[in-house]
Amino acid sequence: MAESAELILDGKSITLPVIEGTEHEKAFDIGKLRDQTGYVTLDSGYKNTGATKSAITFLDGEEGILRYRGYPIEQLAEKSSFLEVAYLLIYGALPTEAELAHFSGQITKHTLVHEDMRKIFDGFPSATHPMAILSSLICALTGFYPQSVSPDLSPEEMELNIIRLLAKMPTIAAWTYKNNMGHPLNYPRNDMDYCANFLYMMFSFPTEKYEMNPVVVSALNKLLILHADHEQNCSTSTVRLVGSANASLYGSVSAGINALWGPLHGGANQEVIEMLEAIEADGGDTSKFINKAKDKNDPFRLMGFGHRVYKNFDPRAKIIKVAADEVLQALGMQDSPLLKIAQELEQAALTDQYFIDRKLYPNVDFYSGIIYKALGIPTEMFTVMFALGRLPGWIAQWKEMRENKEPIGRPRQIYTGELERDYVGIDARA
Ligand code: ACO
């Protein structure tokens, strides 16, 4: 007999079917609860609420497991390329050689953005944060491709929108940086792969030859793979919710970029570097900051330590730590004072009983911040890098939601405001 739960309410029994996922996670199906009882459930922050069924990403925070479409993140980070992972997330299977060649070829074909995009940059005040520019320009793609807003896209049109977004995002992201720096904008190089082309657009100048460091390209490939999806986090849920109103892919992803911009979500890697710089400016005494982090009367926390979901270790952090070491070695930065502080903090926290008891380990943001800093990416751009990595996940989740014809997302509430009262004219108000 199928498993179910029984809810007794006012002496009446309600049966709630139990839904089981392929990894045996279980949920009570409350889809008919309001009709049957007049009650809704209340779950602030959705900590216990599954908003959807999804076949894209599995994560188990207790065991430190992260898999895309069943493939362990460790294997993908070691053996795959970012575009192959993007294909896997979006279409559900690893591509054949021919499929990958076609997919990469299509993306390469669409890397240029409309020349009018350049004019939009001029309208932003110079203090505009790169994430504001990125989200605006991604939404602006709807103006260049008006058919993209149709709620009834053919599979071919949907495919073209996806390809365009994957192809143009690195160009737009790199131009955001170049524009902020006042540097000339670089056009994409279609003879380079996805990561190499992005680095070229970010760091090359028309005046000199750009030397590509393969260790850096490989580290970027890994970083983007590790960030490519993380199931129903805040920005991904935003993309799905906006998309559930039949909003376009570009509009939905633009909303996701704004969610990611929040310091509680994508902003942590920036805060890691700011913390390391603050420790350096203070004289570099890490034990002082470890003690501050342990002091209950001090709000200071070690940024880049701990995770809401991963309670034993962050599987992404293990992989990226190795890449961070390689990058620093390759760039001759292994003796940088900031890195020394990072290593001391890491060692102190891993051996300190306070952090051991609370299972506080360095998370992926701890090391990604260090890599971005070593590459010379300004801290304001760190979240843009995160967005570049998360793009295939957002696309895959938006597509899945559309293909499953999910209903418009519309949470309920428990109203706590005033009861009905009569309007009072302004001259009669106290
Ligand atoms: N430094 C010092 N103490 C910490 C830290 C930290 N970074 N993180 C948690 N603790 C302590 C808390 O004070 C608490 O101690 P107590 O039990 O004595 O009261 C205990 O550990 C549990 O902390 P919670 O806040 O309940 O843990 P939660 O799971 O809610 O928070 C979070 C997770 C938000 C990530 C937290 O660890 C934190 O603030 N870390 C620093 C910010 C950070 O790196 N965020 C990035 C996360 S990764 C990502 O988003 C991609």
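The values are calculated or read from the model by the stated rules, or taken from the named source; none is laboratory data. From a predicted model like this one, the values you see are computed outputs, not experimental measurements. Here the Cβ positions follow ideal geometry from the backbone for every residue, glycine too, while neighbour counts run over all protein chains shown.
Can you name every one of the helices (runs of 4 or more DSSP H) wholly within region 97-216 that holds 3 or more residues which are under 27 Å from SER81 (Cβ atoms) and at pLDDT 95 or above?
Correct list: 97-109, 130-144, 155-181, 194-203.
Per-residue answers, yes or no, for (1) in contact with a Gly (Cβ under 9 Å, 6 or more places away or on another chain); (2) more than 16 Å from the ligand (Cβ to nearest atom); (3) of a type in the set (Ser, Thr, Tyr):
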site	(1), (2), (3)
ASN291	no, no, no
ARG301	no, no, no
GLY304	yes, no, no
PRO315	yes, no, no
ILE319	no, no, no
ALA324	no, no, no
LEU328	no, yes, no
LEU339	no, yes, no
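Please verify whether GLU280 is surrounded by fewer than 16 Cβ atoms within 10 Å (Cβ to Cβ) and more than 21 Å from GLY389 (Cβ to Cβ), treating the condition exactly as stated.
Yes; evaluated as a whole, the condition is true for this residue.
SER204 fails exactly one of the following numbered conditions: (1) surrounded by 15 or more Cβ atoms within 10 Å (Cβ to Cβ); (2) at positive phi. What is the number of that condition?
For SER204, the exception is condition (2).
Which residue out of SER244, SER252 is more than 17 Å from the chain's Cα centre (by Cα), more than 25 Å from HIS183 (Cα to Cα), polar (S, T, N, Q) and away from the ligand (no atom under 14 Å from the Cβ)?
Matching residue, one of SER244, SER252: SER244.
Kindly indicate whether any position in region 178-192 is surrounded by fewer than 20 Cβ atoms within 10 Å (Cβ to Cβ) and farther than 27 Å from PHE121 by Cα.
no
Taking the options GLU380, GLU346, GLU406, GLU400, name whichever one is acidic (Asp, Glu) and within 15 Å of the ligand (Cβ to nearest atom).
GLU346
Does region 349-363 include one or more residues that are in contact (Cβ under 8 Å) with a residue 24 or more places away in the chain, out of contact with any strand residue (DSSP E or B) (no Cβ under 9 Å at 6 or more places or on another chain) and surrounded by 18 or more Cβ atoms within 10 Å (Cβ to Cβ)?
No, because not a single residue in region 349-363 is in contact (Cβ under 8 Å) with a residue 24 or more places away in the chain, out of contact with any strand residue (DSSP E or B) (no Cβ under 9 Å at 6 or more places or on another chain) and surrounded by 18 or more Cβ atoms within 10 Å (Cβ to Cβ).
Return the residues of region 335-380 that are farther than 22 Å from PRO315 by Cβ and among the charged types (D, E, K, R); say none if nothing qualifies.
ASP335, LYS340, GLU344, ASP352, LYS373, GLU380
Scanning for something without any contact (Cβ under 8 Å) to a residue 40 or more places away in the chain and farther than 17 Å from GLY369 by Cα, does region 311-327 turn up at least one residue?
no
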